[in-house]
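Here the structure is laid out as structure tokens; the discussion comes afterwards.
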Amino acid sequence: MDKPTHRQFLTSSPAILLLAWLGPTAWTQPFWSQTQAELVGALWSDPTKVVIVQSFHAGDPMGVALRHVWGEEAQTASLFITEHQPLDDWQTNPALVDVRSEGPQTVTFQASDLGYYPVEISGLTGVATSTGDRSGHAYDVILDLDGDGTLSEGDVLDGGSPPGFYLLGNLNEVGNHDVVQVEYAPSFWHTQRIFYPADVNAMTSQPLVVISHGWTHEYTYYDYLGHHLASHGYIVMSHRNDVGSGNAAATETASQTALENIDVFLSDLGVLAGGVLEGRVDPHRIVHMGHSTGGECVVRARNRLVEGSYVSPWITAEDIVLVNSFAPVSFLPADEVAPLDVAFHEFFGGADTDVSGDAVDGYVQGLAIFERATGNRSVTYIHGAGHDDLHGNPGPSLADGPDLIGREATHSVTRPYTLALCELHAWSNRAVEEYFTRPRMQFGPLGIEEGVTVTGEHRPSWSQATGGTGGTGGSIDPSPME
């Protein structure tokens, strides 16, 4: 089996495997007298072919296999699943402590063309799938070949840097925090609904999520996202937006309103909500998301920070780590509305009768904004979702076609994916990254309603795709979250 030149993913995975690859030295690096394996993957129907994956859900079938470098006889080892720790910590603390209640497994590998047939990992039910407020939990995997209970000569480590694998729970579930919702309105156009964890005074500074609504919509339509994100530790501000008549001019006025509301929010932290948020908001980790006209305005707002047509006393363009557009209209030209190098994500409703993508000129071509991005960019397509299914206000879906799914099913998609976006870009949490880089129907968040079809596309930043050394097109730190 040759080393893949890039990450490869299957459209289906009959069995999830953790493979300790002991082949060419390019695949391994010396770890004192041990081998550090780097491959976490899924077998094809042909067991000699493996695809690279690093994230799993609790309950996914997982296993380990050994390359034939040790010969063709059966090989026995103790399999440990441990808390992840960096390589330096393994050097100073090589003792193996299994996280499973039943302890390490004794596994025997039988010879095959692959080397040894994989054996299934057992006992992962009930182990941690989050790390405090962060989604996912990192683990390392050790094959203790001499059975001495330490990482020692001849053993195999899958982990250290990056972790061996991440285990994820259900991002559709409510987080660890009770949520406080307050209104703040120093003026008509500076009217805000704010969501924050009830115990925020015991927390360090948290990322700020800003929601900008669209034409005919209200800032109150996105409570379902505000409550969900705040329960996971985020501070969320949804604001009244000057969307005018919903045309090109409305995108410009809405971008002005959005930026003003961010400034008002940051300048008034000492008084709004009784000052409880003062010192608890990180102005350098802002996720700006919007819907419809708001979906275009959030891109325009960052462009204005870049070009200098709006100067904020509080933030710069670099402080916006992600722009997330829900069914954005596309009125303005590319030189005024382009995500540029910021990380960009778009939700696209497959049954949308407004931003429809129909073969006509005009604002309905929302994916044009996605195509203009040069940073890390992703689009998530929700089959059967209408334009107004993306917000939470009752009423028509603005949808047409077969297999319409309605609001609740749509929210079962947007809720966990939005949380995953915030985790990835505001916290550099790599545990959720494969929700966007793997085929969506092969691996996606738990809790999405049965029968809902989700697909999508991820493109790395131009510099990454061409082997350049430019920025990451967002805020993802190249090192894994510890």
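Does the stretch 304-311 contain any residue that is more than 18 Å from Glu260 (Cα to Cα) and surrounded by fewer than 18 Cβ atoms within 10 Å (Cβ to Cβ)? No, the conditions are met nowhere in the stretch 304-311. When the stretch 152-173 is limited to residues that are at pLDDT 95 or above and assigned to a loop (DSSP other than H, G, I, E, B), the one that is nearest to Gln91 (Cα to Cα) turns out to be Gly169. If you go through the stretch 352-371, how many residues are acidic (Asp, Glu), part of a loop (DSSP other than H, G, I, E, B) and touching a residue at least 12 places away in the same chain (Cβ under 8 Å)? The number of residues fulfilling the criteria is 1.
The set of residues from the stretch 251-269 being under 19 Å from Phe195 (Cβ atoms) and either in a loop (DSSP other than H, G, I, E, B) or in contact with a Lys or Arg (Cβ under 7 Å, 6 or more places away or on another chain) (or both) comprises Asp268, Leu269.
Of everything listed in (1) more than 25 Å from Ala230 (Cα to Cα); (2) touching a residue at least 60 places away in the same chain (Cβ under 8 Å), the single unmet condition for Asn172 is (1). When the test is whether a residue is within 22 Å of the chain's Cα centre (by Cα), surrounded by fewer than 21 Cβ atoms within 10 Å (Cβ to Cβ) and touching a residue at least 24 places away in the same chain (Cβ under 8 Å), Ser152 does not pass it. Give me the pairs: first residue in the stretch 284-300 and farther than 10 Å from Ser255 by Cβ and in contact (Cβ under 8 Å) with a residue 60 or more places away in the chain, second residue part of a strand (DSSP E or B) and aromatic (Phe, Trp, Tyr), beta-carbon distance under 9 Å, and six or more apart or on different chains, which are they? These pairs meet every condition: Met289/Phe326; His291/Phe326; His291/Phe347; Ser292/Phe326; Gly295/Phe326; Gly295/Phe347. A single entry from Gly290, Gly233 fulfils the requirement of being under 27 Å from the mean Cα position of the chain (by Cα), buried (at least 18 other Cβ atoms within 10 Å of the Cβ), modelled with pLDDT of 95 or more and part of a loop (DSSP other than H, G, I, E, B): Gly233.
Summed over the stretch 296-344, residues that are out of contact with any strand residue (DSSP E or B) (no Cβ under 9 Å at 6 or more places or on another chain) and farther than 19 Å from Pro207 by Cα total 21. Of everything in the stretch 212-228 that is touching a Lys or Arg at 6+ places or on another chain (Cβ under 9 Å) and either buried (at least 20 other Cβ atoms within 10 Å of the Cβ) or of a type in the set (D, E, K, R) (or both), the residue that is nearest to Val299 (Cα to Cα) is His213. Here's a check for you: in the stretch 391-414, which residue that is of a type in the set (A, V, I, L, M) and part of a loop (DSSP other than H, G, I, E, B) is farthest from Tyr381 (Cα to Cα)? Among those that are of a type in the set (A, V, I, L, M) and part of a loop (DSSP other than H, G, I, E, B), it is Leu398. Within the stretch 380-388, is there a residue that is part of a helix (DSSP H, G or I), farther than 22 Å from Ala248 by Cα and within 22 Å of the chain's Cα centre (by Cα)? No, because not a single residue in the stretch 380-388 is part of a helix (DSSP H, G or I), farther than 22 Å from Ala248 by Cα and within 22 Å of the chain's Cα centre (by Cα).
Listed here are the residues, each with its yes/no results for (1) without any contact (Cβ under 8 Å) to a residue 40 or more places away in the chain; (2) of a type outside the set (A, V, I, L, M, F, W, C); (3) part of a loop (DSSP other than H, G, I, E, B); (4) at negative phi.
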position: Val107; (1), (2), (3), (4): no, no, no, yes
position: Thr125; (1), (2), (3), (4): no, yes, yes, yes
position: Tyr184; (1), (2), (3), (4): no, yes, no, yes
position: Ile194; (1), (2), (3), (4): no, no, no, yes
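Kindly check whether there is at least one residue in the stretch 139-149 that is closer than 18 Å to Ser55 by Cα and not hydrophobic (A, V, I, L, M, F, W, C). Within the stretch 139-149, one or more residues are closer than 18 Å to Ser55 by Cα and not hydrophobic (A, V, I, L, M, F, W, C).
Taking the criterion of being farther than 15 Å from Pro313 by Cα and in contact with a helix residue (DSSP H, G or I) (Cβ under 7 Å, 6 or more places away or on another chain), the residues of the stretch 253-280 that qualify are Ala254, Ser255, Val276, Leu277, Arg280.
Of the candidates Pro186, Pro207, the single residue that is touching a helix residue (DSSP H, G or I) at 6+ places or on another chain (Cβ under 9 Å) and more than 19 Å from Ala301 (Cβ to Cβ) is Pro186.
Checked against the criterion of being assigned by TED's automatic domain parsing to the domain that holds Tyr417, surrounded by 19 or more Cβ atoms within 10 Å (Cβ to Cβ) and farther than 20 Å from Ser238 by Cβ, the candidates Ala359, Ala334, Ala351, Ala317 yield just one match: Ala351.
Can Ala343 be described as surrounded by fewer than 24 Cβ atoms within 10 Å (Cβ to Cβ) and over 20 Å from Tyr222 (Cα atoms)? Against the criterion (surrounded by fewer than 24 Cβ atoms within 10 Å (Cβ to Cβ) and over 20 Å from Tyr222 (Cα atoms)), Ala343 does not qualify. Of all residues in the stretch 425-454, those that are assigned to a loop (DSSP other than H, G, I, E, B), in contact (Cβ under 8 Å) with a residue 12 or more places away in the chain and acidic (Asp, Glu) total 2.
Scanning the stretch 441-452 turns up at least one residue that is acidic (Asp, Glu), farther than 25 Å from Pro163 by Cβ and at pLDDT 95 or above.
The values are calculated or read from the model by the stated rules, or taken from the named source; none is laboratory data. All figures in this text were calculated on a predicted structure; none of them were measured in a lab. So basically every Cβ, Gly included, is an ideal-geometry build from the backbone, and we count neighbours across all protein chains shown.
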